[in-house]
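Read through the structure below, which is laid out as structure tokens, and then see the notes.
Bear in mind these aren't lab numbers, they're just calculated from the coordinates by the rules spelled out. Computed from a predicted model, the values in this text were never measured in an experiment. Using ideal geometry, Cβ is built from the backbone for each residue, glycine included, and neighbour counts are taken over all protein chains shown.
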Amino acid sequence: MSPSIAIRVAVAALLFLTGFGGSALLAECDTSVPVLTGFSFNPPAVDTSAGPQNVTCSMTLEDPLSGVANAVLEFTSPDGNSRQSCTAAAPASGTRQNGTWSCVVTLPRYAPAGVWTADGLATDAVGNLALINPASGGFPSLLTVASDSDNVAPALTAFSLQPGSVDVSAVARNVTCNMTLTDAKSGVANATCRLYAPDSGQSVVCGATAPSSGTRNNGVFSCVLAIPAHADAGTWYAEVNAIDQAGNAPGLPFDPVPTLAVTSSPEDVTAPSLTSFDANPKTISVGAAQKPVVCTMGVADSPTGVDTATCRLNIFAFIPPDFVSQAQSCTASAPSSGTRNSGTFECTVTVPRYSVEGAWASSVTLADLAGNSTVYSEALQINVNCAAVDVETNCHFAADRQSLVWDAIAGATRYDVYRGVMTSLVDTNADHLPDTGYGSCQNSRDGNLTDLTFVDTDIPTTGQKGFFYLVAFRTTGGTMGLGSNSFGAPRTVPSPCP
């Protein structure tokens with residue numbers, strides 16, 4: 001195949017994966033919460049005297065833009081102390097924009113008798129939260145429960161810690177919590193044990209969902225927790241909580257007398273430091289598709305090292321007639337370079353399509369392996385635009401069929417060229433994107449990354465069936481220009497140009 005007939009396709013012609021017939025959607029911001037348009041549950045009355053009973057709930061919800069992400073329905077007992085709920089993660093019928101969400105609430109045996117009240121919440125894909133009150137919409141909301149009620153919370157009759165002292169100067173140590181609990185009627189469902197340090201705010205917790213000896217009515221619930229290496233030295237105090245199978249819990253956690261003596265040298269009672277922070281790109285458009293923002297967090301911590309680094313982007317804005325609050329985050333649990341004591345953690349925040357536009361604030365939460373944590377509010381902001389699509393380069397081939405040329409982009413500091421072969425444009429998982437991404441970086445073959453030309457003398461083989469190209473660009477806000485296909489999916493590359 002000679003250069004004159006080699007198949008070379010610029011980005012504008014990549015239509016066979018994205019479809020020819022799709023119509024463009026008008027980009028909008030989603031600032032509205034989901035709306036409840038229908039609600040029902042069945043049966044309207046249950047008797048839990050002999051055993052648990054199920055109630056099937058159905059909610060019809062509308063959210064025209066981003067669509068409902070999940071819906072939660074809850075019944076609350078007459079005294080307000082017992083609650084039973086269920087969650088629907090996908091519509092049983094219809095779509096996320098207008099569909100019916102169904103789930104089953106189980107009322108346990110011995111549940112409090114009387115009239116239980118239904119409420120709930122629904123969250124859409126951009127994070128708008130609606131509190132669901134069926135009664136306010138004129139829908140049925142009262143469930144009648146007949147029961148041999150259990151209205152008494154569990155009681156703690158004995159407690160011990162084994163061992164009663166640990167030395168965590170070098171390594172973490174395990175401590176077993178033994179909680180003897182009684183509950184005459186329904187029996188204990190689960191118990192938790194928390195130990196907390198005297199000064200630093202450090203704490204550890206464990207839980208047991210079944211007795212290790214005895215019965216749920218009178219038994220020992222045991223669990224094991226780990227006191228981290230270099231934890232706060234001194235006397236750690238215990239706290240126990242328990243709930244029975246009817247949903248009763250004590251008003252306040254039990255505060256048993258046994259304590260834990262912790263020896264630690266050196267001790268780590270200082271939260272990690274954030275030494276640097278960056279997020280890219282700093283300007284994104286989510287009118288056509290969700291967009292990634294990569295957070296890079298430099299950290300320092302001694303002696304234990306950083307456990308997790310969380311990057312959070314959020315906006316709180318008044319958009320008449322309401323205030324709108326949206327947030328997205330990501331967490332890195334290992335350094336991408338360096339060490340936990342001095343390194344860089346990196347993760348990617350995905351900002352959903354239709355997210356509200358404006359300046360999103362950034363913050364970083366760092367937690368170390370000893371349990372110290374703190375939040376850093378960063379001055380850096382991400383500019384989100386939901387009313388326009390990303391600028392894309394307008395590229396084409398010159399008459400020599402080897403020179404890819406494109407128009408200049410205002411503010412671009414350099415251009416990145418990606419190339420792939422036609423036979424890789426296969427979409428086996430039906431996500432409207434090629435399974436191997438949109439090509440590989442060609443910058444090592446480009447002598448000038450700031451001009452508007454890339455010369456490719458390679459000739460595709462018959463098996464490759466040709467080359468396709470994408471041209472991205474860099475600005476102070478990061479890498480842009482890969483754009484989205486006609487399904488609204490952002491084009492991605494397996495390995496971005498360095």
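Need the full-extension length gain, residue 184 to residue 319, defined as separation in residues times 0.36 nm minus the C-alpha distance. One decimal, nm.
Here the answer is 43.2 nm.
Debye sum, Cα scatterers, region 25-64, no solvent: what log₁₀ I/I(0) at q = 0.24 1/Å?
Each listed q maps to, in turn, -0.85.
Give me the extension gain from residue 235 to residue 436: residue separation times 0.36 nm, minus the current Cα-Cα distance, reported in nm with one decimal. Write down the numbers at each step before the final one.
Details: separation 201, 0.36 × 201 = 72.36 nm, distance 5.56 nm.
Length gained, residue 235 through residue 436: 66.8 nm.
Using 7 Å Cα-to-Cβ label points, what is the residue 174/residue 92 separation (nm, one decimal)?
Taking the simple label geometry, residue 174 and residue 92 are separated by 4.4 nm.
Computed FRET efficiency, Cβ-Cβ of residue 396 and residue 282, R0 35 Å: what is it to the nearest 0.05?
E between residue 396 and residue 282, to the nearest 0.05, is 0.75.
Quick one: net charge of residue 134's neighbours, Cβ under 14 Å, K/R +1, D/E -1?
Once all neighbours under 14 Å are counted, the net charge is -2.
Students often check this: by mean Cβ neighbours within 10 Å, which of 439-451, 200-212 ranks highest, and how do the rest follow?
Descending packing order for the listed peptides: 200-212, 439-451.
For a protection proxy built on the mean count of beta-carbon atoms within 10 angstrom, sort 35-44, 82-91 highest first, please. Present the calculation step by step, with values, prior to reporting the outcome.
Working: 35-44: 15.6, 82-91: 17.1.
Packing order, densest peptide first, comes out as 82-91, 35-44.
Taking the alpha-carbon distance from residue 291 and a cut-off under 19 Å, which lysines remain once sequence neighbours fewer than 8 residues away in the same chain are dropped?
Excluding near neighbours in sequence, the set is 282.
Report the Rg/Rh value for region 23-119, based on alpha-carbon coordinates and the Kirkwood definition of Rh.
Radius of gyration relative to Kirkwood radius: 1.10.
What's the FRET efficiency of residue 341 with residue 205 using the Cβ-Cβ distance as r and R₀ = 30 Å, to the nearest 0.05?
0.70
Using 7 Å Cα-to-Cβ label points, what is the residue 155/residue 403 separation (nm, one decimal)?
In this crude spin-label approximation the distance works out to 9.2 nm.
Provide the descending list of Cα extents for region 133-203 along its principal axes, expressed in whole angstroms.
That works out to 62, 33, 19 Å along the principal axes.
Over all directions, how big on average is the projection of the convex hull of the alpha-carbon atoms in region 166-236, in square nanometres?
Reported value for the Cα convex hull: 5.0 nm².
Taking R0 as 41 Å, what FRET efficiency do you get between residue 259 and residue 329 from their Cβ-Cβ distance, rounded to the nearest 0.05? Write out the running numbers ahead of the final one.
On the way: r = 36 Å, r/R0 = 0.88.
Taking R0 as 41 Å, the efficiency between residue 259 and residue 329 is 0.70.
What is the extension gain from residue 217 to residue 50, computed as 0.36 nm multiplied by their sequence separation minus the C-alpha to C-alpha distance, in nm to one decimal? Numbers along the way, then the final one.
Values: separation 167, 0.36 × 167 = 60.12 nm, distance 1.72 nm.
Contour length minus the Cα-Cα distance gives 58.4 nm.
Could you tell me how far the Cα centroid of region 399-478 sits from the Cα centroid of region 293-360, in Å?
Using only Cα atoms, the two centres lie 30 Å from each other.
Where Lys and Arg each count +1 and Asp and Glu each count -1, what net charge lies around residue 304 among other residues with Cβ under 15 Å from its Cβ?
Residues close to residue 304 contribute a combined charge of -4.
Is there a quick way to get the dipole size of the chain? I mean about its Cα centre, with the Cβ of Lys and Arg at +1 and of Asp and Glu at -1; what is the value in debye to the nearest 20?
780
Counting Lys +1, Arg +1, Asp -1, Glu -1, what net charge surrounds residue 244 among other residues with beta carbon under 12 Å of its beta carbon?
Once positives and negatives cancel, what remains is +1.
Could you work out the percent of alpha carbon pairs in region 251-336 separated by over 17 Å, rounded to a whole number?
Value for region 251-336 (Cα pairs over 17 Å): 69 percent.
Once the Cα atoms of the chain are picked out, what are the Rg and Dmax in Å?
29.1, 88
Go through 265, 345, 394 and say which Cα lies farthest out towards the positive end of the charge dipole of the chain; charges sit on Cβ, +1 for Lys and Arg, -1 for Asp and Glu.
Highest projection toward the positive end goes to 394.
So what are the radius of gyration and Dmax for the Cα set of region 360-472, in Å?
When restricted to Cα atoms, region 360-472 yields Rg and Dmax of 20.3, 64 Å.
Just the isolated ones, please: cysteines in the chain lacking another cysteine beta carbon under 4.7 angstrom.
Unpaired cysteines in the chain: 57, 395.
Using Cα-Cα distances under 8 Å and only pairs 6 or more residues apart, what relative contact order does the chain have, in percent?
14
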